[in-house]
Amino acid sequence: MWLLIFVVWLVMWAGGSYWYLFGKPSPFSIESVRPPGPREYDQKKRDKVIKQGFSVDKVPKDLDVIVIGSGIGGLTVAATLAKVGKKVLVLEQHDQSGGCCHTYVEKGFEFDVGLHYIGQLHENSLLRIAFDQITEGQLEFVELDQHFDTIQIGLGEEKREYTIFTGKTEMEAHLKKQFPDDIAAIETFFRIMKVSAKKTHYLATLKLIPKWLALFLVKTRIAHLFSPIFTLSGTGATDLVSTLTSNKDLHVIFSYLFYGVPPKDSSIVINALLIHHYKRGAYYPRGGASEISYHIIPVIQKSGGNVLVRAPVTQILVNKEGAAYGVKVKKGREEVEVRAPVVISNCGVFTTFQKLLPPEISMKQDVQDRLDMMRHGRGSFLVFSGFDATQEELGIVSTNFWLFKNNDMDTSMDEFFALSKEDAPENIPMMFITFPSAKDPEAKKRNPGKSCMTILTMVKYEWFEEWKDTTVRKRGDEYHNYKMRYANQLFAWACTIFPKLREKLVFQDVATPLTNMHYLGAQRGAMYSAEHNLDRFHAEAVARNRCNTPVKNLFISGQDVFSCGIAGALHGGLLCASTVLDHIVYIDLLFLKKKLKKQKAKELALLAKKIE
C-alpha cells in the first residue's frame, strides 16, 4: 500500500513539474519579431504613445492585471503577460512612461535620466532576445567603442588613468597590460566573473521554486554542493579581492561600477556581474532611451491593455480576505478605483508596503518581516549640462568616465556619508560622467549643433530632507544654492578632463534625491531602489526575497527582486511574469535561443553554398 501511494505521489509530482516547466504556452516566438520600422521623429506622435494621460474612459474593461510603475521592470512584466493574452494596465505617476528609461528635453537638449549604457546585447544573447520579444524587434542598439570606460584615480600629478575594453578575451588581456604585476589576481577575478555569470540562474531559481524547498536547499547547504555561487553571493567584495592582491588601484577596478554601497559591504558576485555585463560589448538604444517604452507599449496595447501616465496610485485595494483586488488612482481632487484580480508593483518594496498598502495591512508582522530584509538605498545626485557645440568641437567621446579622488573606496565612502550636510558638497569622493549625445548617432539629427553631458554621484537623502515638503522647482533660494554647491564641484571636476566644456555651457539642471522622488517615485531618491548590501545577497535572503508578497494577488517586479540597473530590473520583470503565470518563462527564452541559433546556422550554410 505505502509503495503504491509513493508511486502515485511520484507520478503526480513528475506530472506537475512537467506542467509547470513545459505545459503552458510560451509568451515568446520567432514569428512575433519583425524588422525594425522607420524611426519616428515627430514628438507629437511619440507623445501619443509614451505620454497618454490617465482618464477613466481610457481604462480597459475586464482587466487581468494592473502594474504600478512604468519602469523597465513594470513594462517587461506587462508586455510578457500581454503576449499570453492578458489585458494589462500600467499606471505611471510621472507625465511620461519609462521610469529610469525616459528622456527629457529642455531647451533643445535631450538627456537620458537613468540609462547610460547596457551590456549583454550581442547577437542571440538572452537579454537581446528578451528585448526583441517585448518590443517585437523594433528596438535597435548601437554598439559603443571597444574602449567603453575610463577610470581615473587620484588628483593632479598623482592621477592614474586606466581603460576598460570590451571583448571575450580582450577585456582581461587589456587589464593585464595595465597591471603586469597582478596577472594571477586578474585571472582569478575573471574566473569569479565567469562563475557568477554562468551560475546566476541558480540564485534566480531560488526565487521560483517553492520557498520551503529553496530554504531547505540553502539551510542544509545542499545547494552549495552544486555551485560556489551560493557561497560567493554572500562574500564581501573587499574581503575577497584583498586575498588576490594588495594593489589598491586594482581593488578600485574590480568595484568601480559604484551603486552607493562600499565594496566591503557589497557582494563580490554583484560587482563581478556588473563588469562581466560589458564583456561582450556596451550598447546604447538607437534614438535614445525613450525608444524602449515607445516600442514596448504597443505590445501591451495589442492584447487590449494600456499604459497611462499622470496616474499616481494612492492605495492598493485589499479585501477582507487579505487579497489585493485593485488600486486607487488620484485624478484631480478625486480618487478613482481601478480593479483587477492581480496587482503588480514596480515602485519598490518600501513604497509598496509602507505607502500603498492600507495601514492595517502594512503593520502585519509578515509584511514587516519582508521590509526588514531591505535597507533604503543611497540617493542619486545628477547634473545635466547642455552645450552649444558639437561633439568634435568639445572633444567629447562615447566613452564613460569614472573618477575617484583616491584608491580607498571603503574609507572614502564611509567618511563622505558620515559628513555633515554643510561639509558634504566640497568633499565628493567619486563621480560618473557620460555624454548621451555622443553615443547615439541620431542625436545629431534630432538636436543638431548641440551636445549634452550627465554627471552622477551618490549622496545622503538626509542632507536634503529639510526641503522634502516643498514643491518641485519652488523649493527656495537656500535649497538652490545648496544643490549648486554640489553641481559646481562636480562640473569643475569634469572640466579638468574636458576643458572646453565651460565656455560652451548654455544650460544646466540639477536633480537631487528630492527630484528623483518627485519624477521617478524613487523612495528617498534612490534610483537603484533598495540598498544592494551584502546581507541582501546571502543565499537565504535571495530565496526569501521573491516576487510573491504576504498579500495575496500582490506581486513585486523591478530592481528590488534581484539587482539594480536596466538589465537587473528587466530580469525582475521576467521573474515576476514567471511567478504570476506559474510558469518559468526563462525556459521559453532558452528554447527560443536554441531555435535562433539553428536558424542562424542554416542561413550561414545557405550563404556558404551561394558563395561556392
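The values are calculated or read from the model by the stated rules, or taken from the named source; none is laboratory data. None of these values were measured; they are calculated from a predicted model. Cβ atoms come from the backbone with ideal geometry, glycine included; neighbour counts cover every protein chain shown. Just so you know, the surface numbers come from the protein's heavy atoms only, side chains and all, with ligands and any DNA or RNA stripped out. Shrake-Rupley method; radii C 1.70, N 1.55, O 1.52, S 1.80 Å.
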Quiz item: Which residues, taken from the stretch 101-149, are hydroxyl-bearing (Ser, Thr, Tyr) and farther than 25 Å from residue 256 by Cβ?
Solution: 103, 104, 135
Exercise. Give the residues of the stretch 158-216 that are within 23 Å of residue 239 (Cβ to Cβ), of a type in the set (D, E, K, R) and under 27 Å from the mean Cα position of the chain (by Cα), sorted by residue number.
Key: 172, 191, 194, 198, 199
Practice problem: Select from the stretch 105-128 the residues that are surrounded by 16 or more Cβ atoms within 10 Å (Cβ to Cβ), over 22 Å from residue 572 (Cα atoms) and not acidic (Asp, Glu) and list them in ascending order. | Solution: 109, 111
Practice problem: Please verify whether the stretch 535-549 includes one or more residues that are within 30 Å of residue 320 (Cα to Cα), buried (at least 22 other Cβ atoms within 10 Å of the Cβ) and out of contact with any strand residue (DSSP E or B) (no Cβ under 9 Å at 6 or more places or on another chain). | Solution: yes
Quiz item: Quick check: anything in the stretch 133-149 within 29 Å of residue 592 (Cα to Cα), of a type in the set (Ser, Thr, Tyr) and loosely packed, with under 14 Cβ neighbours inside 10 Å?
Solution: no
Practice problem: Collect the residues in the stretch 362-408 that are aliphatic (A, V, I, L, M) and within 23 Å of the chain's Cα centre (by Cα), keeping them in residue-number order. | Solution: 371, 373, 374, 382, 383, 403
Quiz item: What strands (runs of 3 or more DSSP E) lie completely within the stretch 272-355 and have 3 or more residues being surrounded by fewer than 23 Cβ atoms within 10 Å (Cβ to Cβ)?
Solution: 313-318, 324-331, 334-339
Quiz item: Pick from the stretch 559-612 the residues that are of a type in the set (D, E, K, R) and within 19 Å of residue 85 (Cα to Cα): which of them is most open to solvent (accessible area, probe 1.4 Å)?
Solution: 582
Self-check item: Yes/no for residue 221 being more than 26 Å from the chain's Cα centre (by Cα), surrounded by fewer than 14 Cβ atoms within 10 Å (Cβ to Cβ) and without any contact (Cβ under 8 Å) to a residue 24 or more places away in the chain
Solution: yes
Practice problem: Pick out the one residue from 568, 558 that is over 18 Å from residue 266 (Cα atoms) and either hydrophobic (A, V, I, L, M, F, W, C) or within 12 Å of the chain's Cα centre (by Cα) (or both). | Solution: 558
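Table: residues versus (1) under 20 Å from residue 578 (Cα atoms); (2) hydrophobic (A, V, I, L, M, F, W, C).
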{"residue": "488", "(1), (2)": "no, no"}
{"residue": "498", "(1), (2)": "no, yes"}
{"residue": "523", "(1), (2)": "no, no"}
{"residue": "527", "(1), (2)": "no, yes"}
{"residue": "533", "(1), (2)": "no, no"}
{"residue": "541", "(1), (2)": "yes, yes"}
{"residue": "545", "(1), (2)": "yes, no"}
{"residue": "552", "(1), (2)": "yes, no"}
{"residue": "557", "(1), (2)": "yes, no"}
Exercise. Considering only the stretch 402-445, state which residues are more than 30 Å from residue 39 (Cβ to Cβ), part of a loop (DSSP other than H, G, I, E, B) and open to solvent by 20 Å² or more (accessible area, probe 1.4 Å).
Key: 405, 406, 407, 408, 418, 419, 420, 421, 422, 423
Quiz item: What number of residues within the stretch 446-462 are open to solvent by 10 Å² or more (accessible area, probe 1.4 Å) and polar (S, T, N, Q)?
Solution: 1
Quiz item: Looking at the stretch 502-515, is at least one residue in contact with a strand residue (DSSP E or B) (Cβ under 8 Å, 6 or more places away or on another chain), in a helix (DSSP H, G or I) and of a type in the set (Lys, Arg)?
Solution: yes
Quiz item: Taking the stretch 84-116, which residues are modelled with pLDDT of 95 or more and either farther than 29 Å from residue 53 by Cβ or among the polar types (S, T, N, Q) (or both)?
Solution: 93, 96, 97
Exercise. Would you check which residues across the stretch 446-474 are in a loop (DSSP other than H, G, I, E, B) and farther than 12 Å from residue 513 by Cβ and list them?
Key: 447, 448, 449, 450, 469, 470, 472, 473
Exercise. Can you give me the number of residues within the stretch 143-157 that are out of contact with any Gly (no Cβ under 9 Å at 6 or more places or on another chain) and on the phi < 0 side of the Ramachandran plot?
Key: 9
